[in-house]
Structures are given as structure tokens and as C-alpha cells.
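Participant: This structure is in C-alpha cells; I'll ask about it shortly.
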Amino acid sequence: MARTPSRKKANEASKHAVSAVFMADNVDSMSKGLVDPSTIKYSEKLVSAIRDRPIYSVSHKNDMDGVSSSALLHKFYSVPTERVKFMEYSEASYNEVAEWLTGKDISNSVVVFTDVGINPGAFKLFQSTLLTLKQKGNMVVWLDHHPWEPEQVNFCAENVSYLVAGENRLMCGADLTYNVLCRKLDSDGKGERLTALAHLMDFNIRSKSTDPLTFRLAQAITYMLWAGKDAENQLRRMVPMVAELDFGNRFIVNNARKYLEEEKVNMEELLSSAKTFSVGEHSITIGFGKRLQSTSACEALMAKSGSDIAAFINYSEGRCSLRSKSGVDSSYIAKAMGGNGHPQAGGFSAPATEYMGFNEKGREKLVKRIVEVASA
Ligand SMILES: [Mn+2]
């Protein structure tokens, strides 16, 4: 890599989350520091260090980016689906992953984390998990594009083999997985195509040629996430289909169809609850609903009202998703509400216990808070 490594430490970048891309390449031992994301390239050394070892994939559960990142590892590194784990940002999920990794007595293997960061509440647990993996001669590769806390970046920069962390406006999880680990192995171009689709979805970019395909997959993923305990098995089963771009597979199509059947009813409920408020130069439409794909729900709210920001409060899951039109940054709302996100797509948790089970009073309370925060 012909670039001069920046020697800046992560905590110089920001007092809070790292809003720039931090890279630590301990395999190449060439670079550590804040980098221009466009310089992140295929790593020949990393690929040759990992390709003959057993690989475990831990990826984000909630969307196409996480599933696609695992699918790329399945396709190019023959990671069997039993070695794929999907997780979300809850402490219970971090506990489960820590147990999955340390309970297996994995040694001389590789664990690749994609499209997830570390939940601050799980950081201590994860420090010991990563140290245990290291002691047993494992390599850890971590490829993420969400904001990270400086202490987590600094710990991982020292203790994992290869790290990309921090808000990345160029590359999503699948982009990082593809660019760093897969690009030169992609003889049929399917990996590149899958990555391009995941990129469009993750950055919420509209494209006529790709939307029907990507939305079908997104709908199937959403329907699977409603399956509770079985969700992970279903996602895992889908990984080889996603790897081969087989979005027309009956399994995917059936799940997408079930989603659409429910969507009609659920969308009516969402739109009838929607209220619009002006917040500074912008307007926000807030609606309550359940079992809807977040992006579709927010788009329906914006289409109905003409607002440039939408908040979909999923009362059955205790979460709120935010989306905004291109050029409108809604991430400050997610952050102020204790969540996280990108300029056009973010969210935060809104537990039922905090909002009186989302009865009328509880709903008013949450709407009031969002409007206050959005106006600030
Ligand atoms: Mn992502």
C-alpha cells in the first residue's frame, strides 16, 4: 500500500463516535490510523493469511447488507452456513455471539465480523471474547461502516488482525467485504453485482433497474426477522441463494409474498396514525405501525405527507426508524434519541415500558420528544 499512514489516534477524531474511517492492518503491519475510505483496497496479504483456515462469519441480522456480507464469505471462502451467525445491537445478541465463539473452542481459525460494531454495553464482554480468540491463535477481521466509540477502535486496532471501523460514506459492509477480501476472487462478477445491490439498499439510493430485485429480497428478510427464534435459521438458509443472486428462489419469493400480504393491512394502520410537524426548515411525519420494512414504511409516510423526514415507530418491536430525503440529514435525531445512523437512514430504540405500552398517552409522549429533538 503506497500510502502514508496517518498516525492520528481515533480519539483525536471526535469526542464521541468516530465519524471518520479508521483502519488497522496488523497483517500487513503497514497502516494504522484514519484513512480516506477510497484507499481501502483488496489485501493480498490478508487474503493469503486467511484463505486456508476455517472461517466463521458474524454479520448484522437486520438487512440485506449483513446478509450479503455473509453471502460473499460463503461464496468466496466456502464458509458453511453452520459457521454463519447473525446478530443485532442488543446485549442479549452480543452475549449469544460471545458464547457461540468461545463455547466452540475455536482455534487457528478466522472470525470475520461484518456490518456490525460493538454495543457499548457489551464492550467488556467483547474485549474478553476477542482476547480469548487471540490467545487460541485465531485471527479476527472486523469490517464495519457504522460510527464507533474511540475506546473500542483503539482496543480493536491492537487486538484484531484487520479492522475497518467508523462512519463510512463510501462503503457499506458488503462493499468492505468485497473490496478487501473478494474482489480478485470474483471470476463470474456475481460478487460485484451483489455488492452493488447491497450498496444501493444500505445507502438508500433509488435505482430503477435494481429496485424490484432488491426489494423482494429486503421483504423476504423482513418477513424472516418476524419469525422470532427461527429467524436466524431462515436467514442462514438464504445465504447460499443470495450468494448466487438467486433472488427468484421459491424460498425467497414465498417469504416476500407473505410480507406483501401483511404489508397492505399494516400500511393502512401506519398511514392512518401519521401526523406531520414542521421542525425548523424541515417537516417530519411520524407514524405508528408494526411488521413493516422500515424503508418502505418511511417512504410511504413521506409520500403521503410530502415531508422530508419520516419516523416509523414500530410499536411491536419498540424501535423507531428514521429516513430522510437526499440532502436532508436526520442522523442528529437518531443520535439525540440514543440511537445511531447515517444521514439518510437511522434509528433508535423506543421501549414499550418507557412509553406506557404505546397507549394514547405513551404515543403522545414519544411524538413530543421526537418533535422537540428534531426542532433543536
Ligand atoms: Mn450496513
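Participant: Kindly evaluate ILE284 against the criterion of being outside any helix (DSSP H, G or I), surrounded by 15 or more Cβ atoms within 10 Å (Cβ to Cβ) and touching a helix residue (DSSP H, G or I) at 6+ places or on another chain (Cβ under 8 Å). Spell out how you get there, then give the answer.
Facilitator: Values: outside any helix (DSSP H, G or I): yes; surrounded by 15 or more Cβ atoms within 10 Å (Cβ to Cβ): yes; touching a helix residue (DSSP H, G or I) at 6+ places or on another chain (Cβ under 8 Å): yes.
Judged against the criteria, ILE284 is a match.
Participant: Let me ask something else. Please note which helices (runs of 4 or more DSSP H) are completely contained in the range 162-225 and include at least 3 residues that are crowded, with 19+ Cβ neighbours inside 10 Å and either within 12 Å of the ligand (Cβ to nearest atom) or within 13 Å of the chain's Cα centre (by Cα) (or both). Reasoning before the result, please.
Facilitator: On the way: elements: 173-177, 190-202, 211-225.
Result: 173-177, 190-202.
Participant: Also, I was wondering about something else. Being within 16 Å of the ligand (Cβ to nearest atom) and more than 18 Å from ARG83 (Cβ to Cβ) is the filter; apply it to the range 99-156 and report the residue that is modelled with the lowest pLDDT.
Facilitator: Among residues in the range 99-156 that are within 16 Å of the ligand (Cβ to nearest atom) and more than 18 Å from ARG83 (Cβ to Cβ), the one modelled with the lowest pLDDT is ASN119.
Participant: Moving on. Could you check PHE113 against (1) among the aromatic types (Phe, Trp, Tyr); (2) under 12 Å from the mean Cα position of the chain (by Cα); (3) surrounded by fewer than 22 Cβ atoms within 10 Å (Cβ to Cβ) and say which number it fails?
Facilitator: Of (1) among the aromatic types (Phe, Trp, Tyr); (2) under 12 Å from the mean Cα position of the chain (by Cα); (3) surrounded by fewer than 22 Cβ atoms within 10 Å (Cβ to Cβ), only one is false for PHE113: (3).
Participant: Given (1) of a type outside the set (A, V, I, L, M, F, W, C); (2) outside the structural domain of TYR42 (by TED's automatic domain parsing); (3) without any contact (Cβ under 8 Å) to a residue 60 or more places away in the chain; (4) within 16 Å of the ligand (Cβ to nearest atom), identify the lone condition not met by GLY248.
Facilitator: For GLY248, the exception is condition (4).
Participant: Just checking, does the range 59-71 include any residue being outside any loop (DSSP other than H, G, I, E, B), crowded, with 20+ Cβ neighbours inside 10 Å, at pLDDT below 95 and within 13 Å of the ligand (Cβ to nearest atom)? Don't jump to the end; show me each part of the working.
Facilitator: First, pick out the residues of the range 59-71 that are outside any loop (DSSP other than H, G, I, E, B): 59-60, 64-71.
With the extra rule that they be crowded, with 20+ Cβ neighbours inside 10 Å, the set shrinks to 59-60, 64-71.
If we keep only those that are at pLDDT below 95 as well, we get 64.
Adding the requirement that they be within 13 Å of the ligand (Cβ to nearest atom) leaves 64.
There is at least one residue in the range 59-71 that is outside any loop (DSSP other than H, G, I, E, B), crowded, with 20+ Cβ neighbours inside 10 Å, at pLDDT below 95 and within 13 Å of the ligand (Cβ to nearest atom).
Participant: Let me ask something else about it. Tell me, yes or no, whether the range 72-80 has at least one residue that is crowded, with 20+ Cβ neighbours inside 10 Å, of a type outside the set (A, V, I, L, M, F, W, C), touching a residue at least 40 places away in the same chain (Cβ under 8 Å) and within 16 Å of the ligand (Cβ to nearest atom).
Facilitator: No: zero hits.
Participant: Here's another thing I want to ask about it. Identify, by number, the condition in (1) touching a helix residue (DSSP H, G or I) at 6+ places or on another chain (Cβ under 9 Å); (2) modelled with pLDDT of 95 or more that ASP28 doesn't meet.
Facilitator: For ASP28, the failing item is (2).
Participant: Looking at (1) closer than 15 Å to VAL153 by Cα; (2) assigned to a helix (DSSP H, G or I); (3) of a type outside the set (Phe, Trp, Tyr), which is the only condition ILE118 fails?
Facilitator: (2)
Yes/no per residue for (1) in a helix (DSSP H, G or I); (2) at pLDDT 95 or above; (3) of a type in the set (Phe, Trp, Tyr):
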position	(1), (2), (3)
LYS258	yes, no, no
VAL265	yes, no, no
LEU271	yes, yes, no
PHE277	no, yes, yes
GLU299	yes, yes, no
GLU317	no, no, no
CYS320	no, yes, no
ARG323	no, yes, no
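The values are calculated or read from the model by the stated rules, or taken from the named source; none is laboratory data. All values derive from a computational prediction rather than experimental measurement. Note that we place each Cβ from the backbone using ideal geometry, even for glycine, and neighbour counts take in every protein chain shown.
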